[in-house]
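A short write-up of the structure that comes next.
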Amino acid sequence: MGDMVKGNIAMGEAAIRAGMHIYCGYPITPSSEVMEYLSWRAQEAGRQFIQAANEGEAMYMVYGAASIGSRVLTASSGLGISLKQEGVTYMAAADYPAVMINVCRYGDGLGSLESGQTDYKRETRGGGNGDYRNIVLSPSTVQEAVDLVYLAFDLSEKYRNIVVILTEGALGQMMEDCDYPPMKEVPYYDWAFDGKYTHGPYPSQMAVDLHAKGIKNNEKRAAITENEQRWEAVGVEDAEYVLFAYGIPGRVVLGIVDELRKKGEKVGIIRPISLWPFPQKAFDSINKNVKGFISVETADSGQMLEDVALYAKKKGFGNVPCYFISSPPGVPKSKFVLENFEAIKAGKVKEVF
Amino acid sequence: MAKGKKVPEKILRQVPFCPGCGHGIIVRLMMECIEELGYNDNVLIGKPVGCASLLDNALAVDTFTGAHGRNGASMTTIKRLKPDMLVVSYQGDGDAYNIGFSETMNAAYRNEKFTVITINNGNFGMTGGQMAWTSMPGQVTATSVNGRNVELSGMPIRVPEMIASSFDTAYVARGSLFTPAEIKKTKSYIKKAMQAQIDGVGHSLVEVLSPCPTNWGLTPLASMERIVNELVPYFPLGEIKNKGGK
């Protein structure tokens, strides 16, 4: 068993271990400990740290750092990530890698300081103008957060694509035991600017053949979709109802499913770990006679629910009703989820799709 | 007898700026300085959004395509991670002083050790000559068709003076292009600004008052006269701050 570590600090240390060269960010609750930790730890490890004037500036710093091939991290929350979106779409256009952590807080606008999952749509659809997608990974434990941050830098470089770690305030703030992976020292990537014009003219984003680049981007996205689906599934082979939940609700629902199955109920869970690409392959193991899909999210509206319905249709479950359980801000209560599940089973709740 | 001067080897082609525009001269000065300082193969230029977007594939040096106005931030991390590289941010006044005001000022505030060259032509050239924060009182632009009303829009902004008086940077100057002598002076400012970076003294910025005949609705010659008669009295030329080299 490893040390007890707060989620935000563990993710900062995981980035150091993954060979991060520089962190650029701006504080916002509930993500601030990532940068508070890195403000001294980066220097100690021979890496760099900049506190920007705001979230947007931090992202343009990330853009510059990525252009010379460094491993670069930023972290924020909710509306802070909104401010970064111009930089994110510029980076997508340039095929630059970076890792961005969203320790999500609940709500629109300023939102609240409570934990939430209300940023699912923005993160999985890209967030800024254009056609791009970010790879989105979501942990449900501190250990998984560490492992995914460590992996994220490699995926980001492999596909030259931003990877978002979409986690929640509750996970960023909680302490759990975790083991850290080994320390890596990574050189700057050799495809990048080196001051010597090694790679010739880097075309401006207006000068490239955008349609040809778009087709190439589609090939990249198809490869990511094929290779990078990640999920955890329990009990889906014989399930009458399959619940979908990620992050903290994912672990709550895992507990509920475990309990119900001990009582003999045929219920299963798919816990997506990659939110984009959505783990559509997980549907391949689901009981063909399943009666319903239920998305449990800490959000007012069913954001992941839309993906559940979309891929259910694609995978031949188009007639299976899809329900939504909207859990209020914070960590979902097992009792609340169970009561809503019972109501769905009893036919008291109308399906959304 | 006048001596011809070779075009810097890192300039690949002519850039189609408008007739009488100052950009071509300033790009040439920038590239001459980079070459003369021996940084042809260790340099990165931050390209903005605006008329200077036309620099695409014109320079045989690493050229970063910035987000509009944001190169103050992007050049910051490039220079910090590659401290031996000469990093030059080439920006229009709309890019650096309007949309990118925060990034420009914050880079100077932190005394980031790169060089900014801003081309002040008093309007948004690329998008058709709209009012900029540098437009003069009464100036007719596409968004001030009755002349700039400074009661509502503020007086023209003098960013070099703001930086020089407020922040602990290395070098700030303002040049122009209306005579060969002024062009030579402007080149010396750009070179000193780059030298301040090379010496690690700190942030440097050179603003150049530059003609925009197309959007000013003037001939190239009349544009130069306007700079002398209308702009220089408000935007004084010369070195504003020089901390000197190491």
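The values are calculated or read from the model by the stated rules, or taken from the named source; none is laboratory data. Since this is a predicted model, take the numbers as computed values, not measurements. Here the Cβ positions follow ideal geometry from the backbone for every residue, glycine too, while neighbour counts run over all protein chains shown. These accessible areas exclude ligands, DNA and RNA; they are computed on the full protein's heavy atoms, side chains included. Shrake-Rupley method; radii C 1.70, N 1.55, O 1.52, S 1.80 Å.
Things worth noting here:
Yes or no, residue by residue, for (1) basic (Lys, Arg); (2) in the same structural domain as A:Trp191 (by TED's automatic domain parsing); (3) closer than 17 Å to A:Phe324 by Cα; (4) assigned to a loop (DSSP other than H, G, I, E, B):
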site	(1), (2), (3), (4)
A:Tyr202	no, yes, no, yes
A:Ala207	no, yes, no, yes
A:Lys213	yes, yes, no, no
A:Ala222	no, yes, no, no
A:Pro249	no, no, yes, no
A:Asp258	no, no, no, no
A:Arg261	yes, no, no, no
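- The set of residues in the range B:33-46 that are open to solvent by less than 40 Å² (accessible area, probe 1.4 Å) and either within 7 Å of another protein chain (Cβ to nearest Cβ) or of a type in the set (Ser, Thr, Tyr) (or both) comprises B:Val43, B:Leu44.
- Residues located in the range A:231-245, provided they are outside any loop (DSSP other than H, G, I, E, B), crowded, with 24+ Cβ neighbours inside 10 Å and among the aliphatic types (A, V, I, L, M): A:Val242, A:Leu243
- Residue satisfying condition, being touching a Lys or Arg at 6+ places or on another chain (Cβ under 9 Å), in a loop (DSSP other than H, G, I, E, B) and either among the basic types (Lys, Arg) or under 30 Å from A:Pro328 (Cα atoms) (or both), within set A:Lys196, A:Lys184: A:Lys184
- Inclusion of A:Gly214 among residues that are without any contact (Cβ under 8 Å) to a residue 40 or more places away in the chain, among the small types (Gly, Ala, Ser), more than 14 Å from chain B (Cβ to nearest Cβ) and open to solvent by less than 90 Å² (accessible area, probe 1.4 Å) is not warranted.
- Pairing residues of the range A:122-140 that are touching a residue at least 40 places away in the same chain (Cβ under 8 Å) and part of a loop (DSSP other than H, G, I, E, B) with residues that are of a type outside the set (Phe, Trp, Tyr) and open to solvent by 50 Å² or more (accessible area, probe 1.4 Å), at Cβ distances under 7 Å and at least 6 apart in sequence or on separate chains, gives A:Gly128/A:Glu86; A:Ser140/A:Arg251.
- Subset of the range B:61-80 (residues that are more than 7 Å from chain A (Cβ to nearest Cβ), open to solvent by 10 Å² or more (accessible area, probe 1.4 Å) and not in a loop (DSSP other than H, G, I, E, B)): B:Lys79
- Here B:Asn57 passes the criteria (1) within 14 Å of another protein chain (Cβ to nearest Cβ); (2) open to solvent by less than 40 Å² (accessible area, probe 1.4 Å) except the one numbered (2).
- Where A:Ser39 falls short, out of the listed (1) small (Gly, Ala, Ser); (2) surrounded by fewer than 24 Cβ atoms within 10 Å (Cβ to Cβ); (3) within 14 Å of chain B (Cβ to nearest Cβ): (3)
- Top-ranked residue of the range B:221-246 - restricted to ones that are assigned to a helix (DSSP H, G or I) and among the hydrophobic types (A, V, I, L, M, F, W, C), ranked as most open to solvent (accessible area, probe 1.4 Å): B:Leu221
- Those helices (runs of 4 or more DSSP H) lying entirely in the range B:149-214 with at least 1 residues within 14 Å of the chain's Cα centre (by Cα) and over 18 Å from B:Ala52 (Cβ atoms): B:159-166, B:180-198
- Condition met for A:Ala53 (among the aliphatic types (A, V, I, L, M), over 23 Å from A:Pro187 (Cβ atoms) and open to solvent by 10 Å² or more (accessible area, probe 1.4 Å)): yes
- Screening the candidates A:Ser76, A:Ser32, A:Ser67 for the property of being within 18 Å of A:Gly128 (Cβ to Cβ) and away from chain B (no Cβ under 14 Å) yields one hit, A:Ser76.
- Figure legend. Inter-residue proximity from the range A:289-316: first residues open to solvent by 60 Å² or more (accessible area, probe 1.4 Å), second residues part of a strand (DSSP E or B), beta-carbon distance below 7 Å, spacing 6+ or different chains. Indicated pairs: A:Lys291/A:Tyr241; A:Asp300/A:Ser326.
- B:Ser176 touching a helix residue (DSSP H, G or I) at 6+ places or on another chain (Cβ under 8 Å), more than 20 Å from B:Phe101 (Cα to Cα) and either without any contact (Cβ under 8 Å) to a residue 60 or more places away in the chain or exposed (fewer than 15 other Cβ atoms within 10 Å of the Cβ) (or both): no
- Test: A:Gln143 is within 22 Å of A:Ala10 (Cβ to Cβ) and part of a helix (DSSP H, G or I): yes
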